[in-house]
Amino acid sequence: MKVIALLPEGSVSHEAVLHLFGEEQVQLLHCKQISDVFLATANGASQYSVIPIENTIEGSVSLHMDWLVHEVDIPMQVEWVYPSIQNLIGDRKEFVSDSDASQIDYAKVTKVLSHPVAMAQCMQFLKANMPQAELEHVASTSEAVKLVKQRPGEGWTAIGTALGAKTHGLDILADRVTDHDNNYTRFVLIGQEPLQLKRSEVAQDKTSILVTLPEDFPGALHQVLSAFAWRKLNLSRIESRPTKKRLGSYYFYMDVLSSLDTVLLQSAIGEIEALGCQVRILGSYPSYSVKNQKLEVRK
């Protein structure tokens, strides 16, 4: 049975991996910190790790991208998109209105806890309904819900998933509190071995690469992009990140909508390397879009 490392029980990562594997039986290894998720696979405690790397509202999860690039050398094996549905969670009896028991009195909320990315996705709701509440960042949405469960009667709430509320026996005080309805998170499954999934939909081939430009080379990035353009290779994403070697030194993260096995992509990489660029392959893998997915939360 496959062992999958991921963030704690009840997190969006937990919902997402249940969706990815469907009815296939896997063993889940829940970790408190994202660093522990990476290290579980790096150290052999798990075969794969679930890593959220991009969100519709907040963009790239920089910490996770930096771990993929600087801390571990584990290739991406699968990519999929999952809706990041956040809810306000707490013990309902603490927050019912004194004048109407069917309503929630947000003025009774003293603190809201969540992961910083999830919190940022809900700022309009929080500012409009509970500006008095203290906002506190924790390691994951599931950790936030767990902490709220441990501090009854203090007016604490959490931003988290429906699965997180169910896991810890709390109530959803307000559902779907994200600032935008089209809030999705892009996940990758990393591991040393390719993975065959039992899925009905057709996946798109994608390859993720890092390109480091040669020093003092005017027009180098233009020439790199031209290597893809004239071959009609579509770049679905390009992002610069610091190399952490010195100020002003960057690498470029690129997603190419092509398998690494194709002649066109191989020749594009060869042309880029001929320019003096360093190219590192982060993975070539099937990418499952959110389109036509049957999105159900199960436990």
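Worth pointing out:
- Computed from phi, the 3J(HN,Hα) profile of the range 69-84 under the Karplus parametrisation 6.51, -1.76, 1.60 (θ = phi - 60°) reads 8, 9, 9, 10, 10, 10, x, 6, 10, 8, 10, 8, 10, 9, x, 9 Hz, with x in place of Gly and Pro.
- Highest-MSF residue in the chain out of 202, 211, 17 [GNM, Cα springs under 10 Å]: 202
- Within a straight-line Cα-Cα reach of under 17 Å, residue 127 can be paired with the following lysines, leaving aside sequence neighbours fewer than 8 residues apart in one chain: 108, 111.
- Less than 5 angstrom separates the built amide H of residue 171 from those of 90, 91, 92, all sequence-distant by 5 or more or on a different chain.
- In straight-distance terms, cross-link reach from residue 232 covers every one of the lysines whose alpha-carbon lies under 22 Å from its own, apart from those fewer than eight places away in the same chain; here that gives 206.
- Choice from 248, 270, 90 with maximal GNM fluctuation in the chain (Cα, 10 Å cutoff): 248
- ³J(HN,Hα), Karplus 6.51/-1.76/1.60, whole Hz, each residue of the range 169-183, x for Gly, Pro: x, 10, 9, 8, 7, 8, 9, 6, 9, 5, 6, 9, 6, 8, 9
- For the chain, built as a Gaussian network whose Cα springs stay under 10 Å, the top-fluctuating residue of 231, 92, 280: 231
- For the range 64-150: rounded, prolate or oblate by the Cα gyration tensor [a/c cutoff 1.5]: prolate
- To put it simply, the accessible area of the range 1-142 at a 1.4 Å probe is 48 percent carbon and sulfur.
- For the chain, averaging the sequence separation of C-alpha pairs within contact (under 8 Å, six or more residues apart) and dividing by the residue count gives a relative contact order of 23 percent.
- ³J(HN,Hα) computed for each position of the range 23-28 - Karplus, 6.51 cos²θ - 1.76 cosθ + 1.60, integer Hz, glycine/proline x: 8, 5, 7, 9, 9, 9
- Förster radius 22 Å - calculated FRET efficiency between residue 274 and residue 235 (Cβ-Cβ, nearest 0.05): 0.70
- Cα-based shape type of the range 161-299, given that a ≥ b ≥ c are square roots of the gyration tensor eigenvalues and the cut on a/c is 1.5: prolate
- Label zone at residue 127 (point 7 Å along Cα-to-Cβ), backbone N below 14 Å, the range 153-190: 179-180
- Within straight-line cross-link reach of residue 245, aspartates and glutamates at Cα separation under 19 Å, skipping those fewer than 8 residues along the same chain: 66, 71, 73, 215, 216
- Exceeding the 22 Å Cα-Cα cut-off - candidates 32/149; 146/166; 2/146; 32/244; 93/146: 2/146; 32/244
- For the chain: rounded, prolate or oblate by the Cα gyration tensor [a/c cutoff 1.5]: prolate
- Amide H contacts of residue 77 (H built 1.01 Å from N, under 5 Å, at least 5 apart or other chain): 189, 190, 191
- Normalised contact order of the range 1-113, rounded percent, pairs of Cα under 8 Å and 6 or more residues apart: 22
The values are calculated or read from the model by the stated rules, or taken from the named source; none is laboratory data. Everything numeric in this text was worked out from a predicted model, so none of it was measured. Cβ atoms come from the backbone with ideal geometry, glycine included; neighbour counts cover every protein chain shown. The accessibility values were calculated without ligands, DNA or RNA, using every heavy atom of the protein model including side chains. Shrake-Rupley method; radii C 1.70, N 1.55, O 1.52, S 1.80 Å.
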